[in-house]
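Everything on this sheet refers to the single structure shown next.
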């Protein structure tokens, strides 16, 4: 279970980085009356899914540590 947690943790970090950078590049900003307004045309779903995978990996690793301590 610890190995699965580590794999999910690594996949989550990689997904957050790759899809996060891609989503930031799809964001545009323009100035209106001196105020900078950001408009996003990015798909944030892969970033959210990668974040969930990351959290699941952390939970699996922490559950394994608790089971080993008992």
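Couple of notes before you dig in:
- If R0 is 35 Å, the Cβ-Cβ spacing of residue 31 and residue 59 corresponds to a FRET efficiency of close to 0.20.
- Comparing mean-square fluctuations of 39, 53, 18 from a GNM of the chain with C-alpha springs under 10 Å, the top value falls on 39.
- Spacing of the two label points (7 Å from each Cα toward its C-beta) at residue 40 and residue 14, in nm: 2.4
- Part-to-part distance (alpha-carbon centres) for region 43-60 and region 1-36, which is given in Å: 11
- Taking region 23-39 and a reference point 7 angstrom along Cα→Cβ of residue 49, the backbone N atoms nearer than 18 Å belong to 23-24.
- The chain: most fluctuating residue of 17, 33, 60 per GNM, C-alpha cutoff 10 Å: 33
- Taking the convex hull of Cα positions in the chain, its mean projected area over all directions (nm²): 5.8
- Axis of helix 2-25 versus longest Cα principal axis of the chain: the two differ by about 0°, to the nearest ten degrees.
Throughout, read-outs are computed from the coordinates displayed, never taken from laboratory work. All values reported here derive from a predicted model rather than from experimental measurement. With ideal geometry, Cβ positions are generated from the backbone for all residues, glycine too; neighbour counts draw on all protein chains shown.
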